1. Here is a list of conditions, (1) modelled with pLDDT of 95 or more; (2) under 16 Å from L82 (Cβ atoms); (3) surrounded by 15 or more Cβ atoms within 10 Å (Cβ to Cβ), and L6 meets all of them except one; can you say which number that is?
2. Can F47 be described as surrounded by 17 or more Cβ atoms within 10 Å (Cβ to Cβ) and touching a residue at least 60 places away in the same chain (Cβ under 8 Å)?
3. Given the condition among the aromatic types (F, W, Y) and over 17 Å from the mean Cα position of the chain (by Cα), answer yes or no: does some residue in region 173-183 qualify?
4. I'm trying to understand the selection: among the residues of region 3-18, which are in contact (Cβ under 8 Å) with a residue 12 or more places away in the chain and not aliphatic (A, V, I, L, M)?
5. Looking at (1) surrounded by 15 or more Cβ atoms within 10 Å (Cβ to Cβ); (2) under 24 Å from E221 (Cα atoms), find the lone condition where E56 falls short.
6. Can you name every residue in region 160-177 that is free of Cβ contacts under 8 Å to residues at least 40 places away in the same chain and either in contact with an Asp or Glu (Cβ under 8 Å, 6 or more places away or on another chain) or closer than 15 Å to N205 by Cβ (or both)?
7. So which of L38, L85, L73, L69 is of a type outside the set (S, T, N, Q), farther than 20 Å from L142 by Cβ and touching a Pro at 6+ places or on another chain (Cβ under 8 Å)?
8. Can you find a residue that is more than 14 Å from the chain's Cα centre (by Cα), at pLDDT below 95 and at positive phi anywhere in region 23-45?
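The values are calculated or read from the model by the stated rules, or taken from the named source; none is laboratory data. Since this is a predicted model, take the numbers as computed values, not measurements. Cβ placement follows ideal geometry from the backbone for every residue including glycine, while neighbour counts extend to all protein chains displayed.
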Amino acid sequence: MEFKNLTYSLLLLFIFIVPLVLSFEKQVQYYRKWKYLLPSIIITGAFFLLWDIRFEEANIWRFNNEYTLGIRLIGLPIEEWLFFLVVPYSGVFLYEVVKLKLARFEKANLFVAISLFVLLGAILLTWFNRDKPYTFLNFLFLSVYLGYTIFRNRFKPHYTKFYLAWGMALVPFLIVSGILTGLPVVEYYPGTTLGVRLFTIPVENVGYFFLLFLMTVTIYENLAARKLF
């Protein structure tokens, strides 16, 4: 094994280490929220892992073994499985910090309007890119779930903190995604995306991360509100 085989693992560690250490900080006390967080990660992760497995099988993208440990589970590198633990865990940690530090900042109506704009954009991208499987399915899933979130209307009190946290979390996500697509750790087959990139990152990945973050936070807040356990 060469050092470059640790690339994906080290990137995950970079994302995970600070939120994990600060989970026990007195003000945030993130560890107390794990009973709601872990089910939300499992539910969201199951959806995205099925998506990833199917895309790998359909030759929409592939993972380069040169930058992974070489351990695969149902066709995916073990690091990809860990991605859906590490990224939601760290993202919701940032969301909780935003809720604590910016408790008085609230612009729910503004962010509902932004959500409607995002929804319209996702619907148009879905409709006009039916021949590009990653673009089409990515924005189709985003349209369906975001539309459900908006019109169900229970998430409105959380929109402000969600968008602020997502915007902050987007920065490390783009850094990591840039490395993953730049080396590349993950490669996209021609004709499966729009071909529009932020440096080396397919623009679809921004929508992918938005949906991942939105699903995790909405399920997390729903479980916390119900207090079933």
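1. Condition not satisfied by L6: (1).
2. No; evaluated as a whole, the condition is false for this residue.
3. No, every residue in region 173-183 fails to be among the aromatic types (F, W, Y) and over 17 Å from the mean Cα position of the chain (by Cα).
4. K4, N5, T7, Y8, S9, F14, F16
5. The number of the failed condition is (2).
6. Result: L170, V171, L174, I175, S177.
7. Details: L38 fails: touching a Pro at 6+ places or on another chain (Cβ under 8 Å); L85 fails: touching a Pro at 6+ places or on another chain (Cβ under 8 Å); L73 fails: touching a Pro at 6+ places or on another chain (Cβ under 8 Å).
Exactly one of L38, L85, L73, L69 is of a type outside the set (S, T, N, Q), farther than 20 Å from L142 by Cβ and touching a Pro at 6+ places or on another chain (Cβ under 8 Å), namely L69.
8. Checking region 23-45: at least one residue is more than 14 Å from the chain's Cα centre (by Cα), at pLDDT below 95 and at positive phi.
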